[in-house]
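The values are calculated or read from the model by the stated rules, or taken from the named source; none is laboratory data. Every value quoted in this text rests on a predicted model; they were computed, and no experiment measured them. With ideal geometry, Cβ positions are generated from the backbone for all residues, glycine too; neighbour counts draw on all protein chains shown. In case anyone asks, the SASA skips ligands and DNA or RNA and just uses the protein heavy atoms, side chains included. Shrake-Rupley method; radii C 1.70, N 1.55, O 1.52, S 1.80 Å.
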Amino acid sequence: MDQKVLDAFQSQLEEKRNEILRDAERTLAELNEQGGNIPDPNDRASAESGRNFELRIRQREQKRLSKIDSALQRISYGEFGKCDKCSELIGLKRLEARPVTALCIECKTAQESEEKS
């Protein structure tokens, strides 16, 4: 893969990584500010629901962060764009749509079929 293209993917992944980390810090600060002393039961339930929703989002983003870190590692090792399963090149359109992917479309399709079985 061309170095210019790799640099663009690396920049995109690092930007997304930094965005996720900023959002996580913001969420932590907001949760610390809110505290837990809400006397009205309805307001407390609403606040708790909002906190749970925010924490679920952060949990999903934590998984995404590990995928981003893995993709950045593959870039540094010179393995970015190769399928982890069959070692074939992953299509550029697939990488543009999902830069954290480690499987070509054929291997991903096979994996999803196996998971459904």
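Quick notes on this structure:
- The condition (being in contact with an Asp or Glu (Cβ under 6 Å, 6 or more places away or on another chain) and either without any contact (Cβ under 8 Å) to a residue 40 or more places away in the chain or part of a helix (DSSP H, G or I) (or both)) is satisfied by just one residue among A71, A45, A29, A102: A102.
- Residue list for the range 41-56, restricted to those being within 30 Å of E96 (Cα to Cα) and open to solvent by 80 Å² or more (accessible area, probe 1.4 Å): F53, L55, R56
- Residue match in the range 98-105 (condition: surrounded by fewer than 12 Cβ atoms within 10 Å (Cβ to Cβ) and within 30 Å of M1 (Cα to Cα)): no
- Filtering I20, I38 for residues that are aliphatic (A, V, I, L, M), open to solvent by less than 60 Å² (accessible area, probe 1.4 Å) and part of a loop (DSSP other than H, G, I, E, B) leaves a single hit, I38.
- For the range 76-97, residues that are outside any strand (DSSP E or B), in contact with a Leu (Cβ under 8 Å, 6 or more places away or on another chain) and open to solvent by 20 Å² or more (accessible area, probe 1.4 Å) total 2.
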